[in-house]
Every structure is written in C-alpha cells, then in structure tokens.
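Structure record follows, encoded as structure tokens.
The values are calculated or read from the model by the stated rules, or taken from the named source; none is laboratory data. Computed from a predicted structure; not experimentally measured. Glycine also receives a Cβ, built like all others from the backbone with ideal geometry; neighbour counts cover every protein chain displayed.
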Amino acid sequence: MAVSGQAALAAEACPGLPLRQPPPREAIPAAFTEPQWVARNNQLEQQMAGANFSRTRLLFLGDSITESWPPNLYQHFYGHRGAFNMGVRSDNTMGMLWRLPRAPLGRTLKPQLVVLLLGTNNIWPGAKPEDVATGIAEVVRQIRRQSPTSRVLLVGVLPRGADASEPARPVIAQVNALLAGCADNSTVFFANPGPMLLDGQGVLSEQMSPDRLHLTWLGYAILGAGLEPDIRRILGE
C-alpha cells in the first residue's frame, strides 16, 4: 500500500480524537531515561531483531500491566496464537509513540490483532482526560500507519485505587468514554473489562490488586476471560 494510503487509513482511526495543533504532551513521542524502561526496551529490540514472527497472530502493547502477565495464564490464553508481548514497565503514550517506529511492526511483525492497554501512567493529578485519550488515539493511529492490515483491540484503562473515592477514577471513566468512540468495529474495536475487577460497591480488592493498580493472578484470569470473546470474534475463531 502506498504511503498516502496508509496515512489515510491512520487518519480514519479515532476521528473524534483528532491530533490538534499544538499537540498535547501525551501525543508527542518521548524516550524514557528510567533504567528499568531502558533495559526492557533494549531487551525487546534485541528479541525482535532476530525473531521469526510468522506464527504471531497477536501483539500486546502496554505498560507493566501488559508486561507482567503470569506465564501460565499467558500461555493458556495466547500461546496457541503465537502472541508477542511488548509491554514495558512505566510506559505511557509518549514512550509508546517513541517505541513503535523502532519496532518491526508492519515489516517482519504483521499480527492480525494488536491488543493495546495503555494510559494509566498518563493519569496523574492535573491530567486532562481529552489529552490522555488523544495520546492513546495517536498510538492507535501509529499502529494503523505502520501495519494497515492489523486490527486493534483498544482496552479501556483499568480501575485503580481502593474505591470510588480514588481521584483517578472519574478521570479514567472520562478517558474510557472518549476511547469508546474510537471503535468502528471493523479495524478498531473497544473493550472495557475493568468493571469485572470490581465488586458490587466498586471496590478493587486486594484479591484483585495488592497495590490497587497492578493485578494478581486472579485479576489477570478475569482480565483474560473478559477479553477472550472479543479476541475470538475479531480473529474469526
């Protein structure tokens, strides 16, 4: 496909969250200097340089929540799909926008589906939901720009904090409401499994998340089960 055609496809993604000028900080590529981020990114680049992606139907993009899938659950849900995990601890939209052009996505790595779970590390005091959502939308557009044949399953930002009094909760809800508009159910899909991690009172228990951010084995089991119907449907299984 010509470059102009790829650009047109990318522009069609998330039309309700266009990249305005000047762009918000969340939509500008930026490398991290944090040692763990640098080490993990270097490790991934080395792995991808010599990898055979011919069986890779799924690609996971995200931060520590994506990186930290328990191996047995990851194998159970995704091993037969040749999944590759590009999760990096502490990553955010800026780091992802820096990483993607340096990855072989669209060249040797052409997954049928990219599962994107990102954004919690952009949500801090003073964060604007529309800026966070625009940064995530720009990641979706970059994926489509590099690999036009890949579909994208955009996963809503997961809940954090013990209960509804957590200041990040309303921001997360607003971000997810904006991201839901990205779904055209043809090339970009939206899933919001986060509520499955909460009890009837909106509490994120220690059984799901010991620090009210990262997931336990049980939390990952519920997340995997929540995503599975969408993944199967999109892959035509």
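Confirm whether GLN46 is farther than 30 Å from GLY226 by Cα and either of a type outside the set (Asp, Glu) or at pLDDT 95 or above (or both).
yes
Between residues in segment 11-30 that are over 19 Å from ALA177 (Cα atoms) and of a type outside the set (A, V, I, L, M, F, W, C) and residues that are surrounded by 14 or more Cβ atoms within 10 Å (Cβ to Cβ) and at pLDDT below 95, which pairs lie under 6 Å by C-beta distance while being six or more apart or on different chains?
none
So, in segment 111-146, how many residues would count as being within 19 Å of ARG20 (Cα to Cα) and part of a helix (DSSP H, G or I)?
Residues flagged as within 19 Å of ARG20 (Cα to Cα) and part of a helix (DSSP H, G or I) within segment 111-146 amount to 18.
What is the residue count in segment 45-80 for residues that are part of a helix (DSSP H, G or I), surrounded by fewer than 19 Cβ atoms within 10 Å (Cβ to Cβ) and not polar (S, T, N, Q)?
Qualifying residue count, segment 45-80: 10.
Taking segment 26-44 only, how many residues are part of a helix (DSSP H, G or I) and more than 18 Å from the chain's Cα centre (by Cα)?
Residues in segment 26-44 being part of a helix (DSSP H, G or I) and more than 18 Å from the chain's Cα centre (by Cα): 6 in total.
Residues checked against (1) part of a helix (DSSP H, G or I); (2) under 23 Å from SER68 (Cα atoms); (3) at pLDDT below 95:
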residue: THR149; (1), (2), (3): no, no, no
residue: GLU206; (1), (2), (3): no, yes, no
residue: TYR220; (1), (2), (3): yes, yes, no
residue: LEU223; (1), (2), (3): yes, yes, no
residue: GLU228; (1), (2), (3): yes, yes, no
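If you check ARG107 against the conditions, is it more than 16 Å from the chain's Cα centre (by Cα) and either without any contact (Cβ under 8 Å) to a residue 24 or more places away in the chain or not in a helix (DSSP H, G or I) (or both)?
When the stated conditions are applied, ARG107 passes them.
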